[in-house]
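Novice: Have a look at this one before I ask anything.
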């Protein structure tokens, strides 16, 4: 595998029915030039998160085939789950992985969005670095009120899709496609059934509530596990390190008499995000990523 | 770079004179098939630690050229420093890095030791996995009493070299060569001038004192920094994770009213040693190294 490598983390609105999950993932297992790094279905979120890496061409072919399976298998009119969503194929983010910059991902992403809308008939909103309207850089703005609100509002000029038909797909809703930096999905579970506390803590730590500038968070009820969760997206872990996010959640929970049970990284994480956490906890002074053997080997073996 | 990759971490008894350090390192900068990953000279230890990775053949050629420079530049009769040593080229450990096992490193190491003794006239002791006498698996046994003791005792049958002349090189002493698993050099500095405390803590945490089974440690006075150090080698970080070693040093120091100032990883460290520390401090449940993007890319790019 050489040339530019993109990472892609498509999110699908299905976390429960195994046969639908299998049909969505199948194209990523058989396409040459595409590597399926991780996929996780969450029944509470009723959501499937797939992590891929590959060369742009084969990656996009496989994404379209997978989208066709998701659109055939998911009916948004009957979908329910804890995670915000507007479509069967909810979000397709492209992320620079190796030998490509975020800026170079933008035209590739927009071109793919056009092809996606043409081939599936699903309208597309462009977000983050690929956004055509500045306010749509933010995924939450695009997904405001979720599928149910969009059914009523898609005709309004401020909610018109960027690409494709001006109306929702009858069963698959809409899709958000974009280019962004690596996002770490970092969930912290609390030994509590108090969903209000989880929501308060989420509000406190996120940018919109005056917390960390590159953190998004929501409180989620994990009924099946008898806990609540602060479900966090760290959109720039270099600016807001995981250990600082963890420390603030722990402190806010403690102030409410609640203990942290455990945390979870959902999908992939870049090595340097964990190295920073290790360096902090071990009080490592002057530590350089170049001291990590595997990263040095990657430089030697990976060429440019 | 393909085929078997060895890591090699030669230690030289020179940490102060820049021109000697430069002459030792030079062969590693110019030899094709050898990559100089790291080198650090420590004036307190009066020691140079070099980290290399490469294919076995070129690596061994460069090591011999470098040894010639060290032997020409260092006179053990006038050497002093805080770190135990028996020769100008003190230790040459080979470590499996990729596409090779420790067992496969053993014959390569013994063959190199023969060539080294022939070409330099320096006697060799074989240690760890390459040892010919079981008691010499342990580096400390080989280095007992250091250079000064070996001058008197090398004629004793139990201290006879394994390979090469039965006497010390007139100025360069002897060299220990072996094959081993990755060793993490992890030093913890204490906000104290109490060398007795550092030595007590070192004794407490190491295998020989009833502490961690795969930890070696000594107390060292860092005069230049006004601190003392627990200087630690973790010979199997999977069995004795860095965060557990750190926690015990911290607790033992606290029991003596001493704070940990900072820690240091000397040279390279495998990613999974730091990932384990991060997972512990972030309370990550069910985290897999396969979730680390860079490690997955290394698998994809590195072939077998």
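The values are calculated or read from the model by the stated rules, or taken from the named source; none is laboratory data. The structure presented is a predicted model; accordingly, all values stated were derived computationally and were not measured. In this analysis, Cβ positions are derived from the backbone assuming ideal geometry, glycine residues included, and neighbour counts consider all displayed protein chains.
Novice: Could you say which residue among A:126, A:139 is buried (at least 20 other Cβ atoms within 10 Å of the Cβ), away from chain B (no Cβ under 14 Å) and over 29 Å from residue A:22 (Cβ atoms)?
Specialist: Checking each option against the conditions leaves just A:126.
Novice: Considering each residue of region A:94-109, count those that are within 14 Å of another protein chain (Cβ to nearest Cβ) and either at pLDDT 95 or above or within 19 Å of residue A:50 (Cα to Cα) (or both), and give that number.
Specialist: Count: 4.
Novice: Do you know which of the residues in region A:253-271 that are outside any strand (DSSP E or B) and at the interface with chain B (Cβ under 8 Å from one of its Cβ atoms) is surrounded by the most Cβ atoms within 10 Å (Cβ to Cβ)?
Specialist: A:268
Okay, residues lined up against (1) within 13 Å of chain B (Cβ to nearest Cβ); (2) within 20 Å of residue A:298 (Cβ to Cβ); (3) assigned to a loop (DSSP other than H, G, I, E, B):
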{"residue": "A:3", "(1), (2), (3)": "yes, yes, yes"}
{"residue": "A:7", "(1), (2), (3)": "yes, yes, no"}
{"residue": "A:14", "(1), (2), (3)": "no, no, yes"}
{"residue": "A:24", "(1), (2), (3)": "no, no, no"}
{"residue": "A:28", "(1), (2), (3)": "no, no, no"}
{"residue": "A:38", "(1), (2), (3)": "yes, yes, no"}
{"residue": "A:41", "(1), (2), (3)": "no, no, no"}
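Novice: Only one residue in A:239, A:232, A:220 is at pLDDT below 95 and within 22 Å of the chain's Cα centre (by Cα), so which one is that?
Specialist: It is A:239.
Novice: Let me ask something additional. Does residue B:274 meet the test of being part of a helix (DSSP H, G or I), surrounded by fewer than 23 Cβ atoms within 10 Å (Cβ to Cβ), within 7 Å of chain A (Cβ to nearest Cβ) and without any contact (Cβ under 8 Å) to a residue 40 or more places away in the chain?
Specialist: Against the criterion (part of a helix (DSSP H, G or I), surrounded by fewer than 23 Cβ atoms within 10 Å (Cβ to Cβ), within 7 Å of chain A (Cβ to nearest Cβ) and without any contact (Cβ under 8 Å) to a residue 40 or more places away in the chain), residue B:274 does not qualify.
Novice: Further, regarding this structure: Give the residue, chosen from A:182, A:186, that is farther than 17 Å from residue A:82 by Cα, in contact with a strand residue (DSSP E or B) (Cβ under 8 Å, 6 or more places away or on another chain) and within 14 Å of another protein chain (Cβ to nearest Cβ).
Specialist: Only one candidate qualifies: A:182.
Novice: Hey, can you tell me all the residues within region A:125-144 that are without any contact (Cβ under 8 Å) to a residue 40 or more places away in the chain and touching a strand residue (DSSP E or B) at 6+ places or on another chain (Cβ under 6 Å)?
Specialist: The answer is A:132, A:136, A:137.
Novice: Please tell me if residue B:77 is touching a helix residue (DSSP H, G or I) at 6+ places or on another chain (Cβ under 9 Å), more than 14 Å from every other protein chain (Cβ to nearest Cβ), surrounded by fewer than 21 Cβ atoms within 10 Å (Cβ to Cβ) and under 30 Å from residue B:219 (Cβ atoms).
Specialist: yes
Novice: Same structure again: Please find, among B:196, B:219, B:226, the residue that is without any contact (Cβ under 8 Å) to a residue 60 or more places away in the chain, in contact with a helix residue (DSSP H, G or I) (Cβ under 6 Å, 6 or more places away or on another chain) and either surrounded by 17 or more Cβ atoms within 10 Å (Cβ to Cβ) or outside the structural domain of residue B:35 (by TED's automatic domain parsing) (or both).
Specialist: Testing whether each residue is without any contact (Cβ under 8 Å) to a residue 60 or more places away in the chain, in contact with a helix residue (DSSP H, G or I) (Cβ under 6 Å, 6 or more places away or on another chain) and either surrounded by 17 or more Cβ atoms within 10 Å (Cβ to Cβ) or outside the structural domain of residue B:35 (by TED's automatic domain parsing) (or both) leaves just B:219.
Novice: Taking region A:229-242 as the search range and keeping residues that are more than 18 Å from residue A:97 (Cβ to Cβ) and surrounded by fewer than 18 Cβ atoms within 10 Å (Cβ to Cβ), which one is nearest to the other protein chains (Cβ to nearest Cβ)?
Specialist: Filtering region A:229-242 for residues that are more than 18 Å from residue A:97 (Cβ to Cβ) and surrounded by fewer than 18 Cβ atoms within 10 Å (Cβ to Cβ), the one nearest to the other protein chains (Cβ to nearest Cβ) comes out as A:233.
Novice: Among (1) at pLDDT below 95; (2) more than 19 Å from the chain's Cα centre (by Cα), there is one condition residue B:68 misses while meeting the rest; what is its number?
Specialist: So residue B:68 meets the others, but not (1).
Novice: For residue B:250, work out the one condition from (1) at the interface with chain A (Cβ under 8 Å from one of its Cβ atoms); (2) not in a strand (DSSP E or B) it doesn't fulfil.
Specialist: Going through (1) at the interface with chain A (Cβ under 8 Å from one of its Cβ atoms); (2) not in a strand (DSSP E or B) one by one, residue B:250 breaks only (1).
Novice: From the list B:102, B:37, B:64, exactly one residue is touching a strand residue (DSSP E or B) at 6+ places or on another chain (Cβ under 8 Å) and either buried (at least 21 other Cβ atoms within 10 Å of the Cβ) or without any contact (Cβ under 8 Å) to a residue 60 or more places away in the chain (or both). Which is it?
Specialist: Only one candidate passes the filter, namely B:37.
Novice: Answer with yes or no whether residue A:239 is touching a residue at least 24 places away in the same chain (Cβ under 8 Å) and outside any loop (DSSP other than H, G, I, E, B).
Specialist: For residue A:239, the condition - touching a residue at least 24 places away in the same chain (Cβ under 8 Å) and outside any loop (DSSP other than H, G, I, E, B) - is not met.
Novice: Taking the condition within 14 Å of another protein chain (Cβ to nearest Cβ) and farther than 30 Å from residue B:35 by Cα, does residue A:281 pass?
Specialist: yes
Novice: Considering each residue of region A:284-304, count those that are assigned to a helix (DSSP H, G or I) and at the interface with another protein chain (Cβ under 7 Å from one of its Cβ atoms), and give that number.
Specialist: Residues in region A:284-304 being assigned to a helix (DSSP H, G or I) and at the interface with another protein chain (Cβ under 7 Å from one of its Cβ atoms): 10 in total.
Novice: Checking residue A:205 against (1) away from every other protein chain (no Cβ under 13 Å); (2) out of contact with any strand residue (DSSP E or B) (no Cβ under 6 Å at 6 or more places or on another chain): exactly one of these is not met. Which one?
Specialist: (2)
Novice: Mind listing whichever residues of region A:164-179 are buried (at least 19 other Cβ atoms within 10 Å of the Cβ) and either at pLDDT below 95 or farther than 16 Å from residue A:11 by Cβ (or both)?
Specialist: Matches in region A:164-179: A:164, A:168, A:169.
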